[in-house]
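Q: Sending over a structure as structure tokens; questions will come in a sec.
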Amino acid sequence: MGGCPEQHGLHYLSKYKSKIEPSYRLLGQLVHDCLAYHYAAQLDPLPDWFQASNLDDQLQIRLGENDAELVPQAKEVSRAYLDRFAGDPWTPIFVEKEFKTTVGALDPHGPMPELDEELVTCQVDLGVEGNGAVWLVDYKCMGGEWGKDRLPAWTAAVERDYLWQALVNLHVVRQSIPNVKGFIVRRVKRRIPYDFDSNQIRPKQRMYDEIPRTIRYAVKRDLELSALGATPSALRRNYSMCSGKYGPCDYVDYCHAKDELTAQDVLDKNFTRLVSPSAPV
Ligand code: SF4
């Protein structure tokens, strides 16, 4: 989560979603959809979302007003992925599934006991079973390095063993499935020539053990931001967050509009409000 209260309000509380996604991000989401439908077809029983809508309809909904070329491109990337990993020795057991627990279950007898009943959730791309163990699998679509055919080297020591999402998922899912063995990141290079790899996240034990307490403090921060309310206000903007490593914040045209009227116009034209998001997301 970002450190801008306005962003939190617009994204999580008011649920404003950009109508025009950056094509790289949307392509990644479409690839997720293709893989979700592929693996969900192997589940028994089939997930509700799978029965409610077929893949092509889901892709059209996801595409919205964006470039239609992204759909065949996403299908091609996901076919290449499935060819590359055709020998996977495991069986899918859940797809795009949400898991829930509470702060108190994760971090018993922690400080601020008033937070114990707060929900902590996560959504997992794919859960698989093999040799009596369960693995969580997450796809990460990336562009690759300019001028290079292969994915950049996986440097586990730097950022990836600290992947917050992996650490939270492991803790949350292990509340309901204790024999989760680990978290695997499947990297997908979305440009030709395609490239893929598979890497296990290996957090250090001490850090892993301290994650539930960190979650407690993160939930506290979320509640503080939510208490500020969803109504936009310049006082709640953290302009230092507007431009990040992966480009500008989605709401930059809104927050940087010359006056309130123009800002409202940006919201009306460029965003839709998601009322009840449903899997796959
Ligand atoms: S554009 Fe800047 S101020 Fe506005 S929500 Fe994003 S980070 Fe916050």
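The numbers here are math on the coordinates, done by the rules we state, and not lab data. Note that this is a predicted model, so its numbers are computed, not measured.
Q: Students often get this wrong, so check it: of Lys97/Lys181; Lys15/Lys220; Lys220/Lys258; Lys75/Lys148, which have C-alpha atoms separated by over 28 Å?
A: Lys220/Lys258
Q: Only bridges with both residues in region 5-273 count here: give the DSSP antiparallel percent, nearest 5.
A: 75 percent
Q: Here's another thing I want to ask about it. Restricted to Cα positions, what overall size does region 134-207 have along the principal axes? Three whole-Å values, descending.
A: Answer, in whole Å and largest first: 43, 22, 14 Å.
Q: Please give the contour-minus-distance gain from Arg202 to Arg236: 0.36 nm per residue of separation, less the Cα-Cα distance, rounded to one decimal in nm.
A: Fully extending the segment from Arg202 to Arg236 adds 8.5 nm.
Q: Rounded to whole Å, give me the distance from the Cα center of region 37-68 to that of region 85-99.
A: 16 Å
Q: Right, another one. For the chain, what is the relative contact order in percent, using Cα pairs closer than 8 Å and at least 6 residues apart in sequence?
A: 26 percent
Q: Right, another one. Return the percentage of antiparallel bridges among DSSP beta bridges fully within region 69-152, rounded to the nearest 5 %.
A: 100 percent
Q: So how far, in whole Å, is the C-alpha centre of region 163-220 from the one of region 106-139?
A: 10 Å
Q: Please list the non-local residues whose amide H lies under 5 Å from the amide H of Lys97, H modeled 1.01 Å from N, same-chain partners needing a gap of 5 or more.
A: For Lys97, the qualifying residues are Val124.
Q: Right, another one. Averaged over every viewing direction, what's the projected area of the C-alpha convex hull for region 5-273? Give it in nm², one decimal, please.
A: If you wrap the Cα atoms of region 5-273 in a convex hull and average its projections, you get 16.5 nm².
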